[in-house]
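Take a look at the structure below.
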Amino acid sequence: MTDSLRLGTRGSDLALWQARRVARLVDDRLGLTCEIEIIKTRGDQIQDVAFRKMEGKGFFTKELQDALLENRIDLVVHSLKDLPTDEPDGLEIAAIPERADPADMVLALPGKLDPTHADPLGLPAGTILGTSSLRRAAQALVCNPGIEVRTLRGNVPTRVRKLQDGGYDAILLAAAGVRRLDLDLSGIECRELPPEVMLPAPGQGALAIETRAGDPATRRLAELHDHSIARCVEAERRLLELLGGGCHLPLGCLATEDESGLRLQAVLGEIDDEATRAEVSRVGSLAQDPETAAQVCFNALRLAGLTSVDR
């Protein structure tokens, strides 16, 4: 195994934070150095179209995976939630080293955030809410059908700046991204959303290291793998796979594990094309392995009769 590895990443502030974080782990625990190389993806280049209107999968991963397959880089650091479940031939997830808080967070202008028992999201009717996630939009509309959902694109600092500039009354973001970047949130009210209000995307908060399958140059990266985190995200991503969905699917889920077993909570939404009306079905399972946990939730969602369940 070489002493220096070529690490591919997107160029956003959050992607670079994640790449540097993994580079430090590789250096500290394996004694290897990483040279970071920035690669632009389709999702980075198209900023004026809502995700739900973009066709295909892998908006933030395909170009990185192509670079791996072409031997231009040795490893890629992904946000696991962005990584499709169908791994390309010749590639593998070598390690899932860590997971930050998977929760979502609502950020709002002063005076716009007032959670109550009847409205746990805490946004009054008429609030202009920014998100491009169908999952977030569906769950938010169920909490309060009177809000107005508008498309929000850009990297995390850009989205926060659009809120601060008054383009939105509130926005929804992953808590992990906000905290990793230690952003200036002056003039903004923030609240982390508990899972009973909003379930995160499958794998949200987790980092994934992708490499060429069987590559001797990167085999030691497996030493960074956290097996307990991997079991939880395996259940979440297996449910996503069973539903045949990518990032367009309004699926939220979260797995946790304790002495009683692996507990998977899931919510699947249906939302109209204009993101004005939504309904959701919420299910859960307790099992001893990720596959069973995912299968039980899948069967329950299928019985709920949502058209989002396409098998």
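Some notes on this structure:
- Test set (1) modelled with pLDDT of 95 or more; (2) in contact with a strand residue (DSSP E or B) (Cβ under 9 Å, 6 or more places away or on another chain); (3) hydrophobic (A, V, I, L, M, F, W, C) - L242 fails condition number: (2)
- Those residues of region 182-225 which are more than 29 Å from Q265 (Cβ to Cβ) and surrounded by 22 or more Cβ atoms within 10 Å (Cβ to Cβ), in sequence order: T211, T218, L221
- Criterion: surrounded by fewer than 18 Cβ atoms within 10 Å (Cβ to Cβ) and either among the hydroxyl-bearing types (S, T, Y) or touching a residue at least 12 places away in the same chain (Cβ under 8 Å) (or both) - qualifying residue of S260, S285: S260
- Residue list for region 143-161, filter: of a type in the set (S, T, N, Q) and outside any helix (DSSP H, G or I): N144, T151, N155
- Within region 3-45, considering residues that are of a type in the set (S, T, Y) and within 23 Å of D66 (Cβ to Cβ), the one surrounded by the most Cβ atoms within 10 Å (Cβ to Cβ): T9
- Residues (more than 23 Å from R42 (Cβ to Cβ) and part of a helix (DSSP H, G or I)) located in region 162-175: L163, Q164, A175
- On inspection, R150 passes the criterion of being within 22 Å of the chain's Cα centre (by Cα), among the charged types (D, E, K, R), surrounded by fewer than 19 Cβ atoms within 10 Å (Cβ to Cβ) and closer than 20 Å to V280 by Cα.
- Exclusive hit being within 15 Å of the chain's Cα centre (by Cα) and modelled with pLDDT of 95 or more, set E210, E234, E223: E234
- Scanning region 176-194 for residues that are part of a loop (DSSP other than H, G, I, E, B) and within 19 Å of W17 (Cβ to Cβ) yields D182, L183, D184, L185.
- The C-beta contact set for region 288-301 (first residue of a type outside the set (A, V, I, L, M, F, W, C), second residue at pLDDT 95 or above and surrounded by fewer than 17 Cβ atoms within 10 Å (Cβ to Cβ), distance under 6 angstrom, 6+ apart or interchain) comprises Q288/G261; P290/R231.
- The one condition from (1) over 22 Å from A103 (Cβ atoms); (2) free of Cβ contacts under 8 Å to residues at least 40 places away in the same chain; (3) touching a strand residue (DSSP E or B) at 6+ places or on another chain (Cβ under 9 Å) that A255 does not meet is (1).
- For L268, the stated conditions do not hold, so it cannot be described as in contact with a helix residue (DSSP H, G or I) (Cβ under 7 Å, 6 or more places away or on another chain), at pLDDT 95 or above and part of a helix (DSSP H, G or I).
- Inside region 84-122, residues that are hydroxyl-bearing (S, T, Y) and either farther than 14 Å from V197 by Cβ or touching a residue at least 12 places away in the same chain (Cβ under 8 Å) (or both) make up a count of 1.
- Members of region 118-152 that are in contact with a Phe, Trp or Tyr (Cβ under 8 Å, 6 or more places away or on another chain) and among the charged types (D, E, K, R): R150
The values are calculated or read from the model by the stated rules, or taken from the named source; none is laboratory data. Every value quoted in this text rests on a predicted model; they were computed, and no experiment measured them. Here the Cβ is made from the backbone with ideal geometry for all residues, glycine too, and neighbour counts use every protein chain on show.
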